[in-house]
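Step one of this worksheet: look at the structure below.
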Amino acid sequence: MDADIRTRDLVVGYGDKAVLSGLDLALPRHAITCLVGGSGSGKTTLFRTIVGLIAPLSGTVELLGRDLGAGTDDERNATLQRVGMLFQNGALLNSMTVRENVAFPLVEHTGLPRPVVDALVRVRLQQLGVLHALDLYPSELSGGMRKRVGLARAMIHDPAILMCDEPSAGLDPVTSAGLDRVLVSLKGIFGLTIVVVTHELDSIRRIADHVVMVGKRKQGPPGVLFDGPATDFFASTDTGIRAFLDRREG
Amino acid sequence: MTGPLRIAFPERTTAAEVPALFRAHTVAIRASRAPVELDLSGVAVLDSAGAGLVAHWRRLAPPAAALEVVGASAPVQAVLDLYGRDPGEASADGPPAPGVFEALGERGVGFVGGVVAFLVVLTDTLWFLPVTLFKKGAKRRALIVEEMVRIGSQSFGIIGFLSLLVGLTMALQAAYQLRQFGANIFLANLVGLSMTREMGPLLTAILLAGRIGSSTAAEIATRSITEELDALRTFGVDPVEYVVVPKFVAISITGPLLAVMATAIGILGGYLVGVLYLDLGHDQFVNQMLGSLYLKDVITGLVKALSFSWAIVLIGAYKGLSTRGGPLEVGTATTSSVVVSLFAVIVLDAVYSMIFYFG
């Protein structure tokens, strides 16, 4: 299977404490992978390790065929420039307007003329329904708007990989469904590899091609409970997965 | 009648090629009266930058130009469809910018609002002071002691060191003049009076504004933007009572004590110059200085120190409590609290100097 994101014998955690161990993952290219698990299961720790925000305790993470832990800082940064990241609360730069926030990756990494950058920013914001917020500051936005602006910024430089940390959290069902449609269309048109951490079963059903579930296992330290196609995930008879699905659905 | 303006896009039209295309054709498209055709028949790869260029040109082209995209393959057309047309500036329809008088009026109203908000913090602090001291004395005692230790430990060393330097410098400057008139002995009067009435409290206040005023504003502003203060309100605890009053009580004790220390160390600096440089005797210097000081001078210094301390902590608290937004606003509140505190200290010092001089 072609994979833009691979982990090999990865152990993630904080300090000396391992949260998840023995992670050998290959997340399929041009597909949406949903990373799921109960609260405190370590999915966000894994997510942040994949994008290089947390150093792995052991093992390796490969993005687009390059080991993040090897090579120079410039090589690592070049790889990370091809990753778009949507943080849970948007993580917008508070000193900049929405326009400046979304334009930031293009201004930093391309020589595009300003009118083209502005046009791209406006189009992206319009797609996400927040064009009216163009000249507002993050402190003037609601949580949902912040997230949509964060997504516009994550997508603005045509990343090969888009990482989304709970994109639906805090959004109303209509906006959430709209956001899911955008993710699916981005995958289809640009062939993005998308990883989404989410709790929302409706969202997983709408967007997931592949599911990775992490948490406590019956034997051994916490790790991967499921790694496979979304259809298999929903059809699974495994008691741990059923408990997760039934609790969410119930 | 001229023929259509035809622009052929390269096989790869990505962020790397877009700047050159933009420079080559934008002016012509904007001015074109003939139809404009964007020929994308040769394009194999079109990224969002290329699509953004098309979206921009679609908006830029005059209606007479009737800009048209031709020859796009299905995948390229899919990218173009995703970007459509640049919607332009939605915010251009917003309210017009205020005129000069309107802007002045807004600033005036903002200033008055700020003064009122400060007075609210002041009155709330005074209102909750007895509650904190007597009703919740035991609960808040630890907070007050913690604040006193923080204020004292953060400021003790630097205030002491700088006071010694100021005392030494002031005495050396004065000695230069006094020696010429054989009036060395009056160095004791000068150092004693100026440190007690003026320099001790003022120097302490300036350093407290920098260290304690700023940290008070930053702490309360951070608590405000992270909704900690809202959480306190939902528990039925007033933020002023819980956060501001302990600091107010703590600095009311620590501020004057630091000023007394600054005064004493500053006088020590003058003493060193007097004894080592002007050959004054120990008893001579001490007796002359004590003889020149009256109770009124000591009270003047203490009143100033207490007032300056109150101004610093209340301004820091007001700036912190009125912070909304994010981390940038915390920085703004912190800087602003230091500037306003220093301004207030200097103004109060001038007022007190007049009151105590003529009073």
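Observations, loosely collected:
- Given charges at Cβ of Lys, Arg, Asp, Glu: the protein assembly as shown dipole, positive-most of B:Val273, B:Ala218, B:Leu21: B:Val273
- Convex hull volume per residue for chain B, taking Cα atoms only, in Å³: 276
- Rg of the Cα atoms in segment A:92-158, relative to 2.2 N^0.38 Å, amounts to 0.98.
- Taking every alpha-carbon pair under 8 Å whose residues sit at least 6 apart, chain A reaches a relative contact order of 25 percent.
- Peptide B:77-86 has a mean of 4 when you count, residue by residue, the C-beta atoms of other protein chains within 10 Å of its C-beta.
- Expressed as a fraction of 2.2 N^0.38 Å, the value expected for a compact globular protein of N residues, the C-alpha radius of gyration of segment B:160-263 is 1.60.
- Reciprocal of mean inverse Cα separation for segment B:1-41 (Kirkwood radius, Å): 11.1
- Mean Cβ count within 10 Å, highest first, over the residues of peptides B:322-328, A:79-85: A:79-85, B:322-328
- When only the Cβ of Lys, Arg, Asp and Glu is charged (+1, +1, -1, -1), the dipole of the protein assembly as shown relative to its Cα centre reaches about 760 debye.
- Candidates per trypsin sites (Lys or Arg not before Pro) in segment A:1-62, loop by DSSP, up to 14 other Cβ within 10 Å: none
- Descending by average beta-carbon neighbour count within 10 Å, the peptides B:60-66, A:137-143 line up as A:137-143, B:60-66, the highest first.
- Based on Cα contacts under 8 Å between residues 6+ apart, chain B shows a relative contact order of 19 percent.
- Check: segment A:96-217 dipole with +1 on Lys, Arg Cβ and -1 on Asp, Glu Cβ, in debye: 200
- Values of log10 I(q)/I(0), in the order q = 0.19, 0.22, 0.29 Å⁻¹, for segment B:121-162 under a Debye, Cα-only, solvent-free model: -0.68, -0.76, -0.91
- Where chymotrypsin sites (Phe, Trp or Tyr not before Pro) in DSSP loops with at most 13 other Cβ within 10 Å are excluded, longest remaining stretch of chain B: B:1-234
- Over 27 Å [Cα-Cα, chain A], rounded percent: 36
- Positive-end residue, segment B:1-104 charge dipole about Cα centroid, Cβ charges, pick of B:Gly99, B:His56, B:Leu40: B:Leu40
- Fewest-first ranking of B:Glu37, A:Glu100, B:Glu227, using other Cβ atoms within 10 Å as the exposure measure: B:Glu227, A:Glu100, B:Glu37
- Of every Cα-Cα pair in segment A:1-92, the percent that sits beyond 19 Å: 41
- Neighbouring partner chain Cβ atoms per residue of A:18-30, average, 10 Å criterion: 0
- As a length-normalised measure over Cα pairs under 8 Å and 6 or more apart, the relative contact order of segment A:92-158 settles at 49 percent.
- Note that segment A:26-35 has calculated 3J(HN,Hα) couplings of 9, 8, x, 6, 6, 9, 9, 9, 9, 9 Hz, one per residue in order, obtained from phi through the Karplus relation 6.51 cos²θ - 1.76 cosθ + 1.60 (θ = phi - 60°); glycine and proline are x.
- Note on B:50-62: average number of Cβ atoms from other chains within 10 Å of each residue's Cβ is 4.
- Put simply, the convex hull of the Cα atoms in segment B:237-340 casts, on average, a shadow of 9.3 nm².
- Each semi-axis of the equivalent ellipsoid for the protein assembly as shown is √(5λ) with λ an eigenvalue of the Cα gyration tensor; in descending order they amount to 63, 33, 24 Å.
- Fraction of antiparallel bridges per DSSP, the protein assembly as shown only, in percent to nearest 5: 45
Rule-based calculations on the coordinates, nothing more; no lab input. Predicted model only: the values in this text are computed from it and were never measured. Note: ideal-geometry Cβ built from the backbone for every residue, glycine included; neighbour counts use all protein chains shown.
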